[in-house]
Amino acid sequence: MDKRSHIIELEKRLLEAFSNKDVNVVDELLHDDAIFVYPNGQMVTKQNVLDNYRSGNSAFTTIVATDQVINIIDSTAVVSMNLQLRGKYYDQEISSQFKYIRVWKECSGGWKAIAVSGVPIKTDTN
């Protein structure tokens, strides 16, 4: 499988894991030193993300990716996409569209997500 096809599969697997609250798969696909910048500007670590899913503070019922662009640069992949998210983050209901960028790095243990950032681009009003 070429690198681009592999990244497409990893993206699908990661989004499914987030939707299904499969913390083991999320743990497997995120680098231990990964950094996240949430749409509200908060910076968190992999451990924070895992803790939020374990506790139920992050619970998304819908995650739909569109307009995915993947750039492979040597052993790094940069993925940009629109994400439609529905669910909750702590006590806040979310039904919005975001632009996300995720950076994957080919490591000794396989490809790992090392950086993630998102910004809101549209909020549903219904």
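Laboratory data are not the source of any read-out in this text; all were calculated from the coordinates shown. Note that the structure is a prediction, hence the values are computed from the model and not measured. When we count neighbours, we look across all protein chains shown, and the Cβ atoms used for this are built from the backbone with ideal geometry, even at glycine.
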Treating the angle as unsigned and between 0 and 90°, give the value, to the nearest 10°, between the Cα long axis of helix 46-55 and the longest Cα principal axis of the chain. 40 degrees
On the formula 1/(1 + (r/R0)^6), with r taken between the Cβ atoms of GLN97 and TYR38 and R0 of 22 Å, the FRET efficiency rounded to 0.05 is 0.90
Would you check the chain for Lys pairs whose C-alpha atoms are within less than 13 Å, ignoring same-chain pairs closer than 8 in sequence, and give me the count? 5
Which of the following values of percent of Cα pairs over 22 Å apart was calculated from the structure shown: (i) 56; (ii) 46; (iii) 30? (iii)
Can you give me the relative contact order of the chain as a percent, contacts being Cα pairs under 8 Å and 6 or more apart? 23 percent
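Please find the FRET efficiency linking TYR90 to THR62, where r is the Cβ-Cβ separation and R0 is fixed at 22 Å, and quote it to the nearest 0.05.
That pair, TYR90 with THR62, gives E of 0.80.
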Cleavage-rule hits (GluC sites (Glu not before Pro)) in region 1-63: DSSP loop, at most 15 neighbouring Cβ within 10 angstrom: none
Going by how many other Cβ atoms sit within 10 Å of their own, how do ASP27, ASP33 line up, fewest first? ASP33, ASP27
